[in-house]
Amino acid sequence: MTEKTSDDRLFPPALAAVAQVEFVYGDEGEGLDFSPYDAFDSAEETTDWLRLWTGNRELDGDAYRVFGQDGSGGLAALWFARPGRPLAEQPVVFMGSEGECGVVAGDLSGFLWVLADGFGPKEAALHEDREARPDAALAELAERYASTPRRPAREIITEAQSEFSTFVEDIDALCR
């Protein structure tokens with residue numbers, strides 16, 4: 001069982017602010033392919049999704065707080081990988097509709113800076129060659145809510161993927 005803190009179901013103000021942003025994704029791949037939620041999926045929804053996604057009926061979704069998706073149905077979530085640490089200090093991960101997955105950022109603050117540089121969860125986790133496309137409105141939001149100074153998205157993503165280097169293999173091991 002994953003140890004959590006008492007705030008593990010409260011939707012963080014930073015994500016509530018992100019949910020107010022209108023993300024526009026164009027035909028040519030401009031913008032961000034991301035639809036944030038205004039609340040976490042329920043524990044039941046998360047468990048059902050994880051069981052379907054992995055084919056493993058023994059799992060529960062307790063380690064994830066799903067807060068958004070891309071156009072194909074891939075999900076963005078906070079992942080309880082740091083026992084006993086607050087929700088905002090947990091990494092952000094992406095789990096795609098076709099079984100692809102990856103680490104997006106090491107914490108919620110990093111995720112805000114990743115968005116500000118023009119990367120959605122899918123682009124951050126899976127597209128190493130994508131160039132930054134800074135967004136002034138998202139940078140302003142990150143400046144308001146992030147607890148860390150601005151850094152380039154690629155640096156944040158690379159650091160998080162290095163810290164959680166076995167995430168993909170660990171997820172693959174859960175699949176049946």
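Every read-out reported here was derived from the displayed coordinates using simple, explicitly stated rules and does not represent laboratory data. Owing to the predicted nature of the structure, the values given are computational and were not obtained by experimental measurement. All Cβ positions, even for glycine, are placed from backbone atoms using ideal geometry, and neighbour counts span all protein chains on display.
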Discussion item. Can you pull out every residue in the range 40-52 that is of a type in the set (A, V, I, L, M, F, W, C) and exposed (fewer than 14 other Cβ atoms within 10 Å of the Cβ)?
Written reply: LEU52
Fill in: Search result, residues across the range 89-121 that are surrounded by fewer than 23 Cβ atoms within 10 Å (Cβ to Cβ) and in a loop (DSSP other than H, G, I, E, B)
GLY96, SER97, GLU98, GLY99, GLU100, ASP107, GLY118
Discussion item. When the residues of the range 136-176 are narrowed to those that are part of a loop (DSSP other than H, G, I, E, B) and touching a residue at least 60 places away in the same chain (Cβ under 8 Å), which ends up surrounded by the fewest Cβ atoms within 10 Å (Cβ to Cβ)?
Written reply: ARG176
